[in-house]
Structures are given as C-alpha cells and as structure tokens.
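> Right, I'll just put the structure down here and ask away after.
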Amino acid sequence: MGYEFAQCLKRLVLKPDTENIIVWHHRIFEAYHSPDLNEERSATRTVSLLRHGSYEVRLVELPRKPRTATEQLWLELFDHDHQRTIDSYGGRTLVNITAAARSLCSNAKDLSRTDQDAKAS
C-alpha cells in the first residue's frame, strides 16, 4: 500500500463523516448482496461500487480459505482504458473497507478529472 493512500486512509478512519459513512456502508452492503456476488462461492466475485470515466472501484470477494473459512473483501481501483488495477486494499472490517472505498473513489474521481482536463487541452 502506497504512503499517500495509507495517509488518506488514516485520515478517513480518524475523522469520519458519520452521514457519509452510513451511505458508504449501505453501498458496500448492497454491492455485497447484489446478484453479481451471489454466484458460486468458490470463485472470486466482483461488483462495481462506483465508476468515474474509465476508472472503477470494485468490491471483490476472494474465495474462502478452507482452513479458516473466513472471507476477506478486497477493493480495487481499476483502469478500463489500460485494463489494469491501479490500487487495491484488502480487509475484513466494514470500517476499514469503507474508509478504503471512499479513498479509492476519490482517487478515481481525481484521475477521471485529470483525463478530461488533458483531453480538453
């Protein structure tokens, strides 16, 4: 995890905006319980949380490990133009996943805005 991302994540966890957090919790729960994630439990499953231009923040459920049977949720910032993951975060608590989702979505918005500004020049 990059230093900038870690610092942003730390700020979001330490200074939460309660109303915004509730919206994000709801968005994550909806994504987690969407039909896209209600498929075969042995495979990696992905659903979009938010998209800005070609940048998408996706919620990924990794397959359960047989020994622990624990689930870990993974978030990724995906660049559709280049078909690659730019950044990602994994966690098990809703608080950490929410903070990471907010940070990654902010990054997606900034990257999309930068792309639009570059195209306009």
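> Being modelled with pLDDT of 70 or more, of a type outside the set (A, V, I, L, M) and in a loop (DSSP other than H, G, I, E, B): is that true of Asp110 here?
So Asp110 does not fit the description; no.
> Follow-up question, since we're still on this one. Here are some residues: Pro16, Pro66. Which one is farther than 22 Å from Leu111 by Cβ, exposed (fewer than 12 other Cβ atoms within 10 Å of the Cβ) and at pLDDT below 85?
Pro66 is the lone residue from the list that is farther than 22 Å from Leu111 by Cβ, exposed (fewer than 12 other Cβ atoms within 10 Å of the Cβ) and at pLDDT below 85.
> What is the number of the single condition among (1) closer than 21 Å to Ala31 by Cβ; (2) surrounded by 14 or more Cβ atoms within 10 Å (Cβ to Cβ); (3) at pLDDT below 95 that Asp79 does not meet?
(3)
> Within region 85-115, track down each residue that is touching an Asp or Glu at 6+ places or on another chain (Cβ under 7 Å), of a type in the set (A, V, I, L, M, F, W, C) and surrounded by fewer than 17 Cβ atoms within 10 Å (Cβ to Cβ).
The one that is touching an Asp or Glu at 6+ places or on another chain (Cβ under 7 Å), of a type in the set (A, V, I, L, M, F, W, C) and surrounded by fewer than 17 Cβ atoms within 10 Å (Cβ to Cβ): Ile86.
The values are calculated or read from the model by the stated rules, or taken from the named source; none is laboratory data. Keep in mind that what you see is a predicted model, and the values were worked out from it rather than measured. Counting neighbours? That spans all protein chains shown, and the Cβs are built from the backbone with ideal geometry, glycine included.
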